[in-house]
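Report on the structure given below.
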Amino acid sequence: MGDLRELIEGDLAETLESDFGLPVILTSPAGVVQTKSENNPTQDLQAQVHFDSLVLDPNTGLDIVVDKPVISLRRTSLTTIPTLEDGQNWKVEIPDLPKESSPKTTFRASRVPEHGRSIGFIRMYLEAIEQSA
Amino acid sequence: MNFRILNASIINLLGAAQGSDWRTIGYQKQAQGADKIKNGNRTVQVFYSGGIYPKSAGSLNGYTMHDMTFSLDLTVAKACTGDLATLDNPGSTALQLQTALANLKIAVHGADESLNELKELIYQEIMKGTNQNLGLSVPVANRWVDEFNKDPLQTRGELAVLTGSMKLTARMDEQMIGEVGVPLMVFDTNIEQDGDVIGRAGIYQEHDIVVEDTTGDIVLDPVSGNYLEAA
């Protein structure tokens with residue numbers, strides 16, 4: 001039986017990347033773009049992507065259908081770990097559809113990502129960017 | 001009843017004034033797509049939410065005063081805005097990307113500003129002097145926006161969605177719908193007394209009668225009211 005942490009890392013490679021993963025692109029607040037994985041520079045940076053959900057507004061009782069992209073990445077695959085400290089803006093590009101060849105749309109990471117440091121993943125919540133007037 | 005008439009009038013009033021600034025909905029809407037209410041498609045949902053009928057200001061059999069309450073639910077959705085052209089350009093330098101990222105206006109900021117603006121527009125329209133009767137040609141008393149509450153941001157997603165609620169009150173009278181009464185029957189009475197030869201001793205009130213005085217004829221004595229044989 002191997003080291004438990006190594007086993008977890010292997011599981012993350014399977015669940016967040018590999019067949020479940022979709023190619024994503026991260027751009028740091030400094031303008032540095034990451035398209036490839038730190039674990040395998042020949043492979044695109046991959047993440048598990050979820051696209052939408054139904055959210056209830058408890059004050060009005062209204063259901064709001066929102067596109068709620070959430071991505072989960074393996075920390076060891078990242079060059080720089082996003083923290084969103086001091087209001088930093090990270091640009092995230094994800095495919096429009098759950099398909100590797102799908103065109104990408106640009107988003108901004110909207111809140112402090114959940115680290116999952118014990119397990120080794122990071123979760124980022126995204127909001128759409130539109131061209132300002 | 002007048003609360004329905006006034007409800008429709010408020011909807012028409014806001015609908016006529018919306019332009020491209022908002023959309024007026026005349027009922028409580030269920031699930032709606034956040035992207036459908038983005039920017040200028042933000043919504044104002046108008047509906048009658050309740051009322052009070054003060055017993056001291058009404059009648060058990062006639063009209064009664066109705067203190068109406070209308071809810072105006074405001075909903076906005078905004079995305080983060082920025083220099084997308086630079087961000088999406090594969091040829092942008094690191095410095096250009098850094099500048100564009102630093103100048104992004106986040107979605108919650110835009111949503112907060114949008115809701116404040118919408119609230120101001122609706123309030124001004126409802127409360128301006130020419131709308132004292134809220135679009136009706138009959139008087140509406142005590143038109144007043146009592147309060148406005150902005151809800152905490154609950155949704156986190158691609159778009160920031162923010163809601164608020166405005167309470168509008170007004171007073172009008174409500175008439176009861178009743179049955180039309182049955183018309184009374186009118187009885188024409190004439191009482192005839194025994195010995196009354198010509199049946200004149202009834203309830204009729206007549207003016208003085210001038211009868212030609214002819215001997216042997218029966219004449220009316222204006223003093224006694226009796227008929228006497230003329231001398």
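Residue-level analysis places B:L87 outside the set of residues that are within 14 Å of another protein chain (Cβ to nearest Cβ), touching a Pro at 6+ places or on another chain (Cβ under 9 Å) and crowded, with 19+ Cβ neighbours inside 10 Å.
Can you name the residue in the stretch B:1-51 that is aliphatic (A, V, I, L, M) and surrounded by fewer than 16 Cβ atoms within 10 Å (Cβ to Cβ) and is also farthest from B:T163 (Cα to Cα) among such residues? Taking the candidates together, the pick is B:M1.
Residues of the stretch B:90-132 that are in contact with a helix residue (DSSP H, G or I) (Cβ under 8 Å, 6 or more places away or on another chain), more than 7 Å from chain A (Cβ to nearest Cβ) and closer than 17 Å to A:T105 by Cβ: B:S92, B:A100. What do you reckon, is B:L74 within 8 Å of chain A (Cβ to nearest Cβ) and touching a Lys or Arg at 6+ places or on another chain (Cβ under 7 Å)? Taking the combined requirement at face value, the residue does not satisfy it. Against the criterion of being buried (at least 19 other Cβ atoms within 10 Å of the Cβ), at pLDDT 90 or above and in a loop (DSSP other than H, G, I, E, B), A:P41 does not qualify. Residues in the stretch B:21-37 include at least one that is without any contact (Cβ under 8 Å) to a residue 24 or more places away in the chain, under 30 Å from A:V112 (Cβ atoms) and part of a loop (DSSP other than H, G, I, E, B).
Restricting to the stretch B:38-59, what's the tally of residues that are closer than 26 Å to A:L56 by Cβ and part of a helix (DSSP H, G or I)? Counting residues in the stretch B:38-59 that are closer than 26 Å to A:L56 by Cβ and part of a helix (DSSP H, G or I) gives 3.
One line per residue, one yes/no per condition, for (1) within 11 Å of another protein chain (Cβ to nearest Cβ); (2) part of a strand (DSSP E or B); (3) modelled with pLDDT under 90:
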| residue | (1), (2), (3) |
| --- | --- |
| A:G31 | yes, no, no |
| A:A47 | no, yes, no |
| A:S53 | yes, yes, yes |
| A:D67 | yes, yes, yes |
| A:T83 | no, no, yes |
| A:K99 | no, no, yes |
| A:T105 | yes, yes, no |
| A:G116 | no, no, yes |
| A:E127 | yes, yes, yes |
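B:I11 satisfies every condition listed in (1) in contact with a strand residue (DSSP E or B) (Cβ under 7 Å, 6 or more places away or on another chain); (2) part of a helix (DSSP H, G or I); (3) under 28 Å from A:E93 (Cα atoms) except (3).
The values are calculated or read from the model by the stated rules, or taken from the named source; none is laboratory data. None of these values were measured; they are calculated from a predicted model. Note that each Cβ is placed from the backbone with ideal geometry, even for glycine, and that neighbours are counted across all protein chains shown.
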